[in-house]
1. On the Cα set of the stretch 415-501, report Rg and Dmax in Å, please.
2. At most 15 other Cβ atoms within 10 Å and a DSSP loop assignment: could you name the trypsin sites (Lys or Arg not before Pro) in the stretch 582-631 that fit?
3. Any idea how far apart A533 and R653 come out in nm if each label point goes 7 Å out from Cα toward Cβ?
4. How large is the translational diffusion coefficient of the stretch 90-234 in µm² per second when you combine the Kirkwood radius over alpha carbon pairs with Stokes-Einstein at 4 °C and 1.567 mPa s?
5. Given a Förster distance of 60 Å, report the FRET efficiency between A45 and R556 from their Cβ-Cβ distance, rounded to the nearest 0.05.
6. Using only Cα atoms, what is the ratio of the radius of gyration of the stretch 457-528 to 2.2 N^0.38 Å?
7. Can you sort M517, M382 by solvent-accessible area, 1.4 Å probe, largest first?
8. R352 label point, 7 Å along Cα→Cβ, cut-off 16 Å on backbone N: hits in the stretch 373-399?
Amino acid sequence: MRVAWCAVWAAVWIAGACRPSSSDVTWSSDVGPPTSQQAIWVDFADGSRLGGASVERTGPASAQARFHWAPSKSLDGAQIELRLFPSNGGASIPVNAVRLRGRGEEAAIVQVAFDDEALRRAHPHWLMAQLQRPDGEAVAAAAFPGDWVSLGAVRPAGAGPLTEHPLRAAALRLAAGGDANLGRRQNGLSGMRGPADALSRLPMFSDADIGFLNLESVLADSGALRVEKGEPVPFYFRGRPEQAQVLTTAGIDVVGTANNHSGDYGPDALLQQKRILSQAGVLAPGSGPSQQDACAPVFLERGGVTVGIISVDATLSLFAATDSSAGTCHASASDTGEAMATIGPAIAGARRRADVVFVAIHWGKNLKSRPSSANRRLGAAMVEAGADAILGSSAHKLHGIEIVNGRPVIYDAGNLLFDSHSKGELARSGVFVLHFDRDGVHRVDVHPIDVDYGYSRPASGNSAARTLTRFRDLSAELGTRVVVDDGIAVVPLPSPPSRPPAAARTPPRPSHARPVMANTVPPAACLADAVPADAVIEPRSWGSVHLVGARMMPARPTERRTVWVETWWKIDAPVSDDLWMRQRIKSIPHRPVQMWWADHEHCDWMWPTSRWVPGQLYRDVYGVRPPKRAEPGDYELVIGLIRDESPVGENRRILSFEYR
């Protein structure tokens, strides 16, 4: 490592200006700070700001960084600590700690040149900065984990510079979002807030010529309960038919239906979803009554350009369609040749009829931040087969983008809509806007968004900065240069490769869409004639709502699996509210960490209490999820009702059991 450095800046005093160090640091006020439209700005709690950061490799074991720094008036005796963080995990590497004193609101350019033998390794490193008070305490930068802000990624030695491409315009735009769950709590949230609340804060979809997302649920009021998914504690996502209005009010034209939740309620529900979305005027590639139907592309025409879209799943083979059974278009996750035996003919068929072809694929493991090598091989194969862009999803986290043979591979767009109080990467994502024409895709814009409880909105401030810096650095690892312009990430692309025109381009059939309204008749599974003898209990009442029967399946759990609670209800007067059932399995004595839980509307979200009529007996079956470490002991089933997350009366003990 180098052992000497000096720093010069009239407005900043640096303690120990010439002392042993691993880097050279230069401060200069000759160049003003970048405008907010041209840089990612990060705001610290003391009023200091950092923006316009960039990092580049300068040698086999050396790199340099550059960023704009605007100190606060109160900053005195603080320091900026710089560290290298290996992208594959492991201990961080100190680069420098620069003590400084600010003077007013003057800004400066900071340049850091550093070297370390770790940079010779075959994986990227991220250069991170943390502002610290004189006592070493970090100054908060909200939305950044540990208050460490990334200045940029140092690519592996020998990887070469990031590719430069001119920014081109195109006449048409496709807005693509990631995973959207319209089931579970989203049923109740949309019922309370209205269907437009969930996605209509995101104008990227309605402003685009085509709006697309991955539908991470099934829309149906039919289907089978407890579908086997090969998991001890699976998730099941089903939205009421009227949830299609969430899509249409937001400007969604196409949804991918090939994923690991499309078959949550079996093939009958999957086919009902096809009919529901068709009525709403939303195209739904990725599932159908046979493999041929499921893998078939859908077509749209915009501005005289025919667009073909294919939807494929590579996560759950249990839902795969066959020649004679309904399901999803499934492809191998690990064998590229086997996967392309399914995907290749679909792309070829789309190419014959369309000018531009997009492949939406659900692939990769949950909660991973980077694509696997298998995904990268498959992405390249799909591009080679003729795809103009790959629209990936599955991990629930935003990944970087890779340019393969001039075409963008979006490995994962992250979450778009989820009914949970997510944090970190799960709550920060993006909407990808692809600019295209008859020749192909010319650029990709990424709009940062915040994914909140049942709705999403454009990100701003530090939240947007975190999303943009992370996307920039993850893309740099894949060799892609990202430019930040006016609060969005821009990926310029080379001119699309030339190819023969579509051989038999035909416009799609016109849509005759009409709104999908809430049902007026309850699903048959929600009704009952009587309570089974082994489920009769002493009634528990919450005003005019009465619980008259309950049992568990299994009655005495012996392993960590979902416990299915079956209950029977009736009312003696109409209920104006949609009340949620609050189910808990509590340890005796109660230990919160051991609690099993499930909140939902009755009949597995399909028939809320405001639709009930006096005298009718209603049945509900819902899974109660155990904690990650379910310990043996005595437990009790407790049920209550809630309105807008507030209790309605008291929770009632229903039955007890021994879990061994």
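The values are calculated or read from the model by the stated rules, or taken from the named source; none is laboratory data. Remember, predicted model here, so these are calculated numbers, not experimental data. Neighbour counts run over all protein chains shown; Cβ positions are idealised from the backbone, glycine included. In case anyone asks, the SASA skips ligands and DNA or RNA and just uses the protein heavy atoms, side chains included. Shrake-Rupley method; radii C 1.70, N 1.55, O 1.52, S 1.80 Å.
1. For the stretch 415-501, the Cα-based Rg and Dmax read 14.9, 48 Å.
2. Those that pass, being in a loop and sparsely packed, are K628, R629.
3. The answer from the label model is 2.8 nm.
4. The diffusion coefficient I find is 59 µm²/s.
5. 0.70
6. Ratio of Cα Rg to 2.2 N^0.38 Å: 2.09.
7. Per-residue accessible area, sorted high to low, gives M517, M382.
8. Zone members listed by number: 386.
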